[in-house]
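To start, the structure itself, in structure tokens.
Bear in mind these aren't lab numbers, they're just calculated from the coordinates by the rules spelled out. Only a predicted model underlies this, so the values are computations on that prediction, with no experimental measurement involved. With ideal geometry, Cβ positions are generated from the backbone for all residues, glycine too; neighbour counts draw on all protein chains shown.
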Amino acid sequence: MSKSELIKSSGWAFILGAFSFATILTGSDPLAIPGSVISALLLAAGMSGLRARYGEKAGSFGRSMLLLGVIGPVLWCIAIASMVLMGLSGIVTVAQVEKGLWILIFGGPAIALPGLTLFGLAALSSKPMARFNWLPVFAGIWYPVFYFFLAGYLFTHNGVYPGQYQIAFNMMHLMQFLALCVLGSILVSDAPQEMATT
């Protein structure tokens, strides 16, 4: 795959990742759990193209953060598979899962997106993109904030879900969805420009 094709594909990966990310809101485990896994992997693919397109201009910190965003979801998938095996062997119990461990199943995007956020902070000073250098921060921040708040709440409240914050959660998910779609669209449109410069 050429660099330009990688960049264009990664743009579509961001867009598809945003749609699979939206399944987390359904409240249906048969949709939300696979959606979380697929979203994490698509976001990792998206960040690999973002790194290919803007990594050199973003500097070593920005490149490293995107690499972290690519590797993190892969390691998370290995950790989830290990957790499933521990559940099958009785090391992890249903009671532990119900008291808050279930949140780990939805952690893939929360591991990928901080890399995008930190790349975005580097992009604010290095300005690698022709426009919207603030967008990676905006596209990366919302779900990790939601996820780590929710994880902390669950572990300090015996696994009770904080339904009183649902409207705020939905707004954060909507902003995340839209920002990822816009970022993906920028990568898709920038791929021909990358081809012209090579």
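Kirkwood radius, region 31-148, all distinct C-alpha pairs, inverse of mean reciprocal distance: 14.9 Å.
Its residues counted as N, region 1-99 yields a C-alpha radius of gyration over 2.2 N^0.38 Å of 1.30. Over the chain, dividing the summed -39,500 (n - 2.57) contributions of all DSSP H runs of at least 4 residues by the number of residues returns a 222 nm mean residue ellipticity of -28500 deg cm²/dmol.
Between Ile78 and Met171, the simple spin-label model (points 7 angstrom out along Cα→Cβ) gives 3.9 nm.
What is the gain in length, in nm to one decimal, between Leu104 and Tyr153 on full extension, counting 0.36 nm per residue of separation less the C-alpha to C-alpha distance? Intermediate values should be presented prior to the final figure.
Numbers: separation 49, 0.36 × 49 = 17.64 nm, distance 1.34 nm.
Taking Leu104 through Tyr153 to full extension adds about 16.3 nm, to one decimal.
Using only alpha carbons, region 124-173 has a radius of gyration to Kirkwood radius ratio (Rg to Rh) of 1.19. Only lysine pairs 8 or more places apart, or on different chains, with alpha-carbon atoms under 26 angstrom apart are counted in the chain, and they number 5.
Taking label points 7 Å from Cα along the Cα-to-Cβ direction, Ser189 and Glu5 give a separation of 2.5 nm.
Roughly how many Å is it from the Cα centre of region 8-79 to that of region 95-152, as a whole number? Here the two parts' Cα centres lie 10 Å apart. According to the Cα-based calculation, Rg over Rh for the chain is 1.01, with Rh computed by the Kirkwood formula.
Give me the Kirkwood hydrodynamic radius of region 100-198, using the inverse of the mean 1/r over all pairs of distinct Cα atoms, in Å to one decimal. It would help to have the intermediate numbers written out before the result.
On the way: mean 1/r = 0.0666 Å⁻¹.
Kirkwood radius, region 100-198: 15.0 Å.
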